[in-house]
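A.B. asks: One structure, as structure tokens, below. Some questions next.
The values are calculated or read from the model by the stated rules, or taken from the named source; none is laboratory data. From a predicted model like this one, the values you see are computed outputs, not experimental measurements. Neighbour counts run over all protein chains shown; Cβ positions are idealised from the backbone, glycine included.
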Amino acid sequence: MKLSFCAVCGDTDVEYHHWIPRSLGGLDIEDNILTLCPKHHGEFHSVKRSSNHKSLIKKGLRKTKANGTKLGRPEGQMPEKIFLEKHSDIKKLLEEGVSIRKTAKLVGKSTHTVQKVKKLIRKKR
């Protein structure tokens, strides 16, 4: 479940753990997500986090691609109208002039999702 705080300690610096990894076809949906702070997310994966988290992610992506796994969202994305209806909370905040980061924090969704909503709002104008 996507929360605005770590389910273990309550920290508000959060990451989303996928029960079924996205690299194995897991979806970015509530039933497949556990909200954790970086410390507890690392412990969950039995990984001691280094200060160079970005390089670990890049290494993992390269390994996944080398194994032939297709990265990214599945084909047949959600139609724009349905996407905007689903994220009406984001649309409302953006139309009120709230920043992307603040909107993401308020609704507990990623900045990528907020940016996509903003792009679709502009496109409709």
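A.B. asks: With respect to GLY25, determine if the residue is modelled with pLDDT of 85 or more, more than 14 Å from the chain's Cα centre (by Cα) and farther than 28 Å from GLY10 by Cβ.
C.D. replies: Answer is no for this residue.
A.B. asks: Right, something else. Go through the residues of segment 109-119 one by one and say whether even a single one is at pLDDT 85 or above and more than 15 Å from the chain's Cα centre (by Cα).
C.D. replies: yes
A.B. asks: A further question on this structure: Do we have any residue at all in segment 35-57 that's out of contact with any Pro (no Cβ under 7 Å at 6 or more places or on another chain) and at pLDDT 90 or above?
C.D. replies: Yes; the residues of segment 35-57 include at least one that is out of contact with any Pro (no Cβ under 7 Å at 6 or more places or on another chain) and at pLDDT 90 or above.
A.B. asks: Same structure again: Taking GLY10, is it touching a Cys at 6+ places or on another chain (Cβ under 9 Å), free of Cβ contacts under 8 Å to residues at least 12 places away in the same chain and either in a loop (DSSP other than H, G, I, E, B) or surrounded by fewer than 15 Cβ atoms within 10 Å (Cβ to Cβ) (or both)?
C.D. replies: Answer is yes for this residue.
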